[in-house]
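Written below as structure tokens is the structure these notes are about.
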Amino acid sequence: MGTFPGTTRKLARAARPEQQALAMCALEEIVRLADLAGAPAAPPGPDPRIARVRQLIAETPEAPHTLGSLAAIAGLSPSRVSHLYARATGHSPMQEVRTRRLHRAARLLTGTGMSIAAVAGTVDQFHFSRAFRREFGLPPSSYRHNGEVPGGD
């Protein structure tokens, strides 16, 4: 395929972020279609890019993760990392971050004397009590008195 001298460089400079994102989505779609058309399949087993994201979330749930930052770690677009993550785990990457943070908060509630407000601050959860109750079936104060994680982690 022929190109004109300097064309690639000019296009790269002219591309705005939304144009680059659109191009990345188009490229991902081309790769997906090539795979469906009989291109060699990916090796069986977990996707190493998603494994990297899962490991990062597990090791640093308190970090200010966003779908964009996790996608950058994987070298994928946010929509693609979300799709692959959900296919591999059954839930979104941000649901994993929330769950890990809440389980960390549960350990802090039973393993430290920190106030509930201080624990809520460590997990950066605006509606901490509501999210905690949804995850564990009881409010943080009751959980602290019971002292165990239902279902474990």
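Tabulated results
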item	result
Segments classed as helices (runs of 4 or more DSSP H), wholly inside the stretch 50-153, with at least 3 members that are within 15 Å of the chain's Cα centre (by Cα)	67-74, 78-89, 93-111
Long-range neighbours under 7 Å by Cβ, at least six apart or interchain, first residue free of Cβ contacts under 8 Å to residues at least 12 places away in the same chain and open to solvent by less than 60 Å² (accessible area, probe 1.4 Å) within the stretch 53-79, second among the β-branched types (Val, Ile, Thr) and not in a loop (DSSP other than H, G, I, E, B)	ALA71/VAL81
Residue that is of a type outside the set (A, V, I, L, M), at pLDDT 70 or above and touching an Asp or Glu at 6+ places or on another chain (Cβ under 8 Å), where the choices are ARG54, ARG32	ARG54
Subset of the stretch 116-147 [loosely packed, with under 11 Cβ neighbours inside 10 Å and under 19 Å from HIS65 (Cβ atoms)]	PHE126, HIS127
Selected residue (only one of ARG98, ARG87 is modelled with pLDDT of 90 or more and closer than 30 Å to SER142 by Cα)	ARG98
Top-ranked residue of the stretch 120-153 - restricted to ones that are closer than 20 Å to MET94 by Cβ and among the aliphatic types (A, V, I, L, M), ranked as modelled with the lowest pLDDT	VAL123
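The values are calculated or read from the model by the stated rules, or taken from the named source; none is laboratory data. Values in this document were obtained by computation on a predicted structure and should not be read as measured data. Cβ sites come from the backbone with ideal geometry, for glycine too, and all protein chains shown count toward neighbours. Just so you know, the surface numbers come from the protein's heavy atoms only, side chains and all, with ligands and any DNA or RNA stripped out. Shrake-Rupley method; radii C 1.70, N 1.55, O 1.52, S 1.80 Å.
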